[in-house]
1. Which far-off residues, 5 or more places away or on another chain, put their amide H under 5 Å from the one on C:TYR275, with H placed in the peptide plane?
2. Given only helices, namely DSSP H runs of n ≥ 4 each adding -39500 (n - 2.57), what is the per-residue ellipticity at 222 nm of the protein assembly as shown, to the nearest 500 deg cm²/dmol?
3. Which value, in debye to the nearest 20, describes the size of the charge dipole of chain D about its Cα centre when Lys and Arg Cβ atoms bear +1, Asp and Glu Cβ atoms bear -1, and nothing else is charged?
4. Quick check for you: with a 1.4 Å probe and neighbouring chains kept, what is the accessible area per residue of segment C:88-281, in Å²?
5. Projected onto the charge dipole of chain B (+1 at Lys/Arg Cβ, -1 at Asp/Glu Cβ, origin at the Cα centre), which of B:TYR183, B:GLY21, B:ALA159 gives the Cα projection farthest towards the positive end?
6. Just the ratio, please: alpha-carbon radius of gyration of chain B over 2.2 N^0.38 Å, N its number of residues.
7. Determine, from the Cβ-Cβ distance of A:VAL40 and A:GLU177 and an R0 of 35 Å, the FRET efficiency 1/(1 + (r/R0)^6), rounded to the nearest 0.05.
8. Please label the shape of segment B:9-101 as rounded, prolate or oblate, based on the square roots a ≥ b ≥ c of the eigenvalues of the alpha-carbon gyration tensor (a/c under 1.5 means rounded; beyond that, a/b larger than b/c means prolate, else oblate).
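The values are calculated or read from the model by the stated rules, or taken from the named source; none is laboratory data. Small disclaimer: the values here were computed from a predicted structure and weren't measured. Here Cβ is always computed from backbone atoms with ideal geometry, including for glycine, and neighbour counts include all displayed protein chains. Protein only, heavy atoms only, side chains kept; ligands, DNA and RNA dropped before computing areas. Shrake-Rupley method; radii C 1.70, N 1.55, O 1.52, S 1.80 Å.
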4 protein chains.
Amino acid sequence: MTATLLLHCPDRQGIIADITGFISKNRGNIINLAQFVDHVENVFFMRLEWDLENFLIPKEKITDYFETLYAKRYDMKFKIYFGGTKPRMAIFVSKMSHCIFDLLSRYSAGEWEVEIPLIVSNHPDLEHVAKMFGIPYHVFPITKENRDEQQRAMMKLLADNDIDFIVLARYMQIIGEEMISAYPNRIINIHHSFLPAFVGAKPYQAAFERGVKIIGATSHYVTAELDAGPIICQDVVSITHKDMPQTLVNKGKDLEKIVLSRAVQKHIEHKILVYKNKTVVFN
Amino acid sequence: MTATLLLHCPDRQGIIADITGFISKNRGNIINLAQFVDHVENVFFMRLEWDLENFLIPKEKITDYFETLYAKRYDMKFKIYFGGTKPRMAIFVSKMSHCIFDLLSRYSAGEWEVEIPLIVSNHPDLEHVAKMFGIPYHVFPITKENRDEQQRAMMKLLADNDIDFIVLARYMQIIGEEMISAYPNRIINIHHSFLPAFVGAKPYQAAFERGVKIIGATSHYVTAELDAGPIICQDVVSITHKDMPQTLVNKGKDLEKIVLSRAVQKHIEHKILVYKNKTVVFN
Amino acid sequence: MTATLLLHCPDRQGIIADITGFISKNRGNIINLAQFVDHVENVFFMRLEWDLENFLIPKEKITDYFETLYAKRYDMKFKIYFGGTKPRMAIFVSKMSHCIFDLLSRYSAGEWEVEIPLIVSNHPDLEHVAKMFGIPYHVFPITKENRDEQQRAMMKLLADNDIDFIVLARYMQIIGEEMISAYPNRIINIHHSFLPAFVGAKPYQAAFERGVKIIGATSHYVTAELDAGPIICQDVVSITHKDMPQTLVNKGKDLEKIVLSRAVQKHIEHKILVYKNKTVVFN
Amino acid sequence: MTATLLLHCPDRQGIIADITGFISKNRGNIINLAQFVDHVENVFFMRLEWDLENFLIPKEKITDYFETLYAKRYDMKFKIYFGGTKPRMAIFVSKMSHCIFDLLSRYSAGEWEVEIPLIVSNHPDLEHVAKMFGIPYHVFPITKENRDEQQRAMMKLLADNDIDFIVLARYMQIIGEEMISAYPNRIINIHHSFLPAFVGAKPYQAAFERGVKIIGATSHYVTAELDAGPIICQDVVSITHKDMPQTLVNKGKDLEKIVLSRAVQKHIEHKILVYKNKTVVFN
């Protein structure tokens, strides 16, 4: 089994030597190390994965030891994840099926170390997809009046199912601040434009009207400001004057599903660190 | 020798048959035909290149005949270009040399059917580059006070040299409306972002601050509204959290010069039609 | 309803005028016209889509008229497709599910004008996927001994179901010449490399060993020579020294499914012409 | 001033801790650390850049200390480069100017920490380019008869000028084994295809004949086997059926110059490690 440490702290001399020394002195074998120093912010970021097989510190004490010995000294924010436990992911959808099919086909093929105990929607349209994959589908129709109430009901459902993170697979409702606060940097959205261009509704129409020659898609963590959270992944495809809004929608679908799935994979693999509305994404 | 016809008009039945019939009845051999119907605006666009060798209508009468026989009937905007005449291009620069080197190295290698009789700058810094290629370099320092006067002097210089179109190769001054009006859709700019993201100054700094994972460059015709003219060409390159503003600048340079040169080439080849702030770019 | 004409013939003066004249004289409204002249081979290619609503020639006589009036005169190979009839497509799979999920999720969402009456496999592994989408799944296990016999059985099944074209969605068996001859340029394969690099088995392992910095996928029509048929579509993704054979396989999956689906879409839309082992793909 | 350590060795526990400990114990400040473990070959690769300002070991003794204390123990191959010394680069060209213009315009703009004391060619054609940049141009015409003799003369010229590495900027002659042995992993070539596809002469013609939909360029170190050395960098561009061999050549030029310059930059920055005919390229 392996442990994965994600951390950031003010940059200082000797951190890497100290932490890698901690692992090797205790007979841990480092499998992957990635680090990065943001010389503008003077912040040190690290992801360290090591084999626990001969590690001298028992698994349940590692976080405590690390906190005491290093995190306090270096003023670190850190988290340690242990292999063998699958994070629990909820998918939110509305009416378009391309992203959820892409997510579930990977899940069904066993590509990801993840559990998907439930799907949430504001519409009944995609229940058949959930059924195909045998996953419970919960419909929460949203109106102006019931928005807050429904959000509380959704949050209860998520809590009851021990959901770790949420994937908005073209869910066409704004997430309320209460839910965002409950899942900080744990709600992944796909926006169908190359952010920060074309924030908000109907980005393909806007791209068409502006006459751009490339369209994009952006996966990001959801924050209180619409389409302004930390960007995880982006990709683009060339278009021409021949592309009408409808063909942009079609070309964009392929981008959206791939860019969303890449972000989900990075999240599941604990390869993303967030600092001040930006991400460090290790590969 | 060949002639190249560029046109657009309201879409109607029979246009292609009529125009291609005109060419073939008069023994012209069509070398390239590209057409496009914008079904949203209901506009027909066409580029037609044909061999004049056996063409029955004398070269100097073609435009007149076409105007009388077709353009009026179909309410066309059109232009006919004849091979063998090189358009005359002015380059405007400031202090960065990567774009001008790229343009002039292609010119020097004979890649383009174009004349470059002069280079204009608001700074003396790149005079050595102009000298290397043997092209006159004219410095017009710009201040708040002398802006209009200098622009008039520049326009006189352009007119005296029969300049057909202008390429802003990272020229860091805003072009005045008078000059824009004098060269409609004939001033090509390179903006160092993926427009419409990061309009205005310091786009790489803005991209860094937003934390995007891809940066871009955009070539476009200059209009009165800053960075909002018809887009000709765009390209992008992936970046990561490791990229600081300075490495973005360096990576961006390669994009900028290629994206600018592609636009210049399309312009020289008469492959661009502009309609309502958007371009049709034939390939 | 629309008709779509695909043709190629030796290039001669006046073809476009003649054919577009035929459409417009008979009150057909051209919706899309794309043509291309291969000046190396001196061959003219055309795709013409027109509205049949007011067309004076009855639908069932169009092919005959066109044959008599134009095809013979210009020595054309041509085919006319009429809207409203969905081509019938068979999918062949082995054990990997990413391509078939991508195809069927598009089919299920109604993106394509196509029928998928059956799925063929040499293994039982993906029967559950076929069941999810309610499509009959036929297993034909292949051994050295039964290869020819099984192929005849498969061909009978295809014929009984009026299959128009076949999509090999990572089907890991070689298609015999008899079947290839029965479906010329109507069997689409996805090869998991950037052809012609890494022909044959285990291209990701070969890419890893060569140390390339980009991997690709290629969709092509199947011909008698392995991985050497006319290429329809290719795409690539950057990799680094960090990518091991297994991560190449994973990154490649996303390429494969998108590149295969793009080819299927072009085929369904009648946008592909084949000439001498190369394709003309209109957009 | 900084020092840059490049190394590889059999992977073992504790290497990172040991080496980073060596730097921090001696008051070196690590500016960049990149490492990679090839779990297939079980080899550890590292690039470490640190500030020498307060480093306790004098610059001239660092290599010796490192050899004694770490390299022997871990069976390392390593090299330490010190800032402030510019590597000396020779450019070899034939008749095409796009790559050499790209290299020299970066050099002229001061983008690279490098000296270019001379240009070698088998043709006089590009002497004017060398003159523009004020760099001596040496012509060594090659025939079957004088090949070996000329190579010896070229090698003497390189040695007399203390050349560190060679850039083949579309130099259309095969480099002899003697020269390759003298500059192991220090001769950078640009091949105008997506290797390993289209090895050898006329790759654009071959790409045209095969009907590929993407073309590429590959920069690599030269080894005794033609076009088979360790790949440094690759890039591609989409093409269509409209592209004839000549337009492929033109589109390819932009790829070639960018892909070659990227490799040169990585080489100058000491970011490339070679192991068994493959590269580790840190970013």
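1. For C:TYR275, whose amide H was placed from the backbone, the distant partners under 5 Å are C:VAL280.
2. One gets -9500 deg cm²/dmol as the mean residue ellipticity at 222 nm.
3. 400
4. On a per-residue basis, segment C:88-281 sits at 38 Å².
5. B:GLY21
6. My calculation over the Cα atoms of chain B gives 1.10.
7. The value I calculate is 0.75.
8. Oblate shape, in that a/c is at least 1.5 and b/c is the bigger or equal ratio.
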